[in-house]
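Below: the structure, in structure tokens.
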Amino acid sequence: MDIDTISDIDDDTDTEPVQLDMKWLSDIEQHNNDYGKFYKDDVFTMNVVFIHANFDKNIERVSSMKVDLENKNIFTQHELANIIQTKNKVNKRKYRLISAYLYNIDIEPDDLLDFIKKHTNPASEHFFNKLDLARDIIIHPTIAQFHKMNTLYLIMGERREKDAKANEGRTRKIKRVTFHPDIKQTRKRMYTNVNTES
């Protein structure tokens, strides 16, 4: 049976098939195509900006790159370490990561009109956050139109030459301490004689 045509099954007479109006379906598809960029979507790529600063905390160089994420909405520590490794040497100077910030516009589509009407500065909102680098970086799903604005800022500070040479080839030494809670020990108490003369 064809979806576009339906015939009256109860009627035995030969009549023309009735045409269904499928315009509403094409209207919905067109509407979704027009407004699809205003729906939230997962983030698969991320802009990363490197800001290299010298000893005096003056900006020496700014560079950027686009990174494809291994997992949607997650920038893993492994990915971050690989990217930092590629940018830790610039012009024969060594740099180390000082801090990181994430600019992630995760506004709800329903709140977008109010946000625009307020003329609010996007950086003043909760969209710009300092990151804890001990964990994977979570990127919230974003309205598709704003995906290009999501950016990870990495502040790189110049390493002193003596610090770089001192740490080169050196591994960290960690002393392992173990506790044995099942071993019960008692301490012998020592009492001293106290003469009380009144």
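Some notes on this structure:
- Of Lys118/Lys148; Lys92/Lys148; Lys57/Lys117; Lys40/Lys66; Lys94/Lys130; Lys66/Lys117, those spanning more than 26 Å from alpha-carbon to alpha-carbon: Lys92/Lys148; Lys57/Lys117; Lys66/Lys117
- DSSP beta bridge pairing in the range 43-162, given as percent antiparallel to the nearest 5: 80 percent
- Taking every C-alpha pair closer than 8 Å and separated by at least 6 residues, the mean separation divided by the residue count of the range 43-162 gives a relative contact order of 43 percent.
- For the range 96-110, 3J(HN,Hα) computed residue by residue from phi via the Karplus equation (6.51, -1.76, 1.60; θ = phi - 60°) reads 9, 6, 9, 7, 9, 10, 10, 9, 9, 7, 10, 5, 6, x, 5 Hz, glycine and proline entered as x.
- FRET efficiency, 1/(1 + (r/R0)^6) with R0 45 Å, evaluated for Asn193 and Lys40 via beta carbons: 0.05
FYI, it's all coordinate maths here, none of it is from the lab. What you see is a predicted model, and the numbers here were worked out from it, not measured in a lab. Heads up, the Cβs are rebuilt from the backbone with ideal geometry, glycines too, and the neighbour counts pull from every protein chain shown.
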